[in-house]
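A short worksheet on the structure shown next.
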Amino acid sequence: MKVKEKYLSFYYAKQPEVADPVIDPKKTALLLVDLQKEFVSREIGDAEKLKAAGDWERWLPFYDRLEQVVVPNNKRLLDVFRANGMTVSYGRIACLREDGEDRSPVQKSEGWNGMLVHIDSEGAQIVDELKPMKNEIVVNKTTDSVTTGTNYLQLLQFMGIETVVVTGIVTDQCVASTVRGLADAGLKVICVEDACAAACMELHEAELKIMSVIYCDVLTTEETVALIQQSIGRAE
């Protein structure tokens, strides 16, 4: 596979060709990261705070991308995984105590990454378009990475998962931390570029460029769906 030029980092400038990603449907899981109302909704959570702070206009492109690109592409991936009986999982930020004392220090910090989302709050719920179905796994975390401080890696091991298709928000924080955690644990990772978003496209593309090849293959939704369909065709 030829690495997309915009995601070809300094480290791999002399190695633009890498092995084609391979998917075994029975050993592949989809992981949606933090696509919950607190961060996606235009009415509650972060959006409400941004409006109160007079910073809403600056963030509009992010919310537009979520609504027009990221959520629809995640829905498409969900439909494909579900139609083929493949594993679907979610990671979400959700603390167990109302005062948030069980959060990691980074989520107790001041600024953008400081957040308190209780597990029973509306903000903790996955957005309606992508709502989990019966037998789909939801992992709660108070960290950036879905693999840190949770049993997610153990669950993947128990289910025989070898490849994880990662989507969600934000690309340069929770998505990136999760991709690295999965890769360090020995899993193959596909990060779906148009099913993720960062605060701005500059950060989004910069993080994907850093992670590409080293930690994951960066594919589009269309490329990921085609890869799954090809794998299922070969299995039949």
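The values are calculated or read from the model by the stated rules, or taken from the named source; none is laboratory data. All of these numbers come straight from a predicted model, not from anything done at the bench. Don't worry about glycine lacking a Cβ; one is built from the backbone with ideal geometry, like all the others, and counts go over all protein chains shown. We work out accessible area using only protein heavy atoms, side chains counted, and drop any ligands, DNA or RNA first. Shrake-Rupley method; radii C 1.70, N 1.55, O 1.52, S 1.80 Å.
A few comments on the model shown:
- Residue identified as surrounded by 15 or more Cβ atoms within 10 Å (Cβ to Cβ), out of contact with any Pro (no Cβ under 8 Å at 6 or more places or on another chain) and more than 19 Å from residue 201 (Cα to Cα) among 31, 35: 31
- Scanning segment 198-234 for residues that are surrounded by fewer than 21 Cβ atoms within 10 Å (Cβ to Cβ), out of contact with any helix residue (DSSP H, G or I) (no Cβ under 8 Å at 6 or more places or on another chain) and either hydroxyl-bearing (Ser, Thr, Tyr) or not in a helix (DSSP H, G or I) (or both) turns up just one, 220.
- Number of the exception - residue 95 against (1) among the hydrophobic types (A, V, I, L, M, F, W, C); (2) closer than 21 Å to residue 152 by Cα; (3) open to solvent by 10 Å² or more (accessible area, probe 1.4 Å): (3)
- With respect to (1) free of Cβ contacts under 8 Å to residues at least 24 places away in the same chain; (2) part of a helix (DSSP H, G or I), the lone exception for residue 123 is condition (1).
- Evaluation of residue 149 against (1) within 17 Å of residue 74 (Cα to Cα); (2) open to solvent by 10 Å² or more (accessible area, probe 1.4 Å) (one fails), failing number: (1)
- Within segment 170-189, being touching a helix residue (DSSP H, G or I) at 6+ places or on another chain (Cβ under 6 Å), open to solvent by less than 20 Å² (accessible area, probe 1.4 Å) and not polar (S, T, N, Q) holds for 176, 179, 189.
- When residue 194 is tested against (1) touching a residue at least 40 places away in the same chain (Cβ under 8 Å); (2) open to solvent by 10 Å² or more (accessible area, probe 1.4 Å); (3) more than 12 Å from the chain's Cα centre (by Cα); (4) under 23 Å from residue 17 (Cα atoms), only condition (3) is not met.
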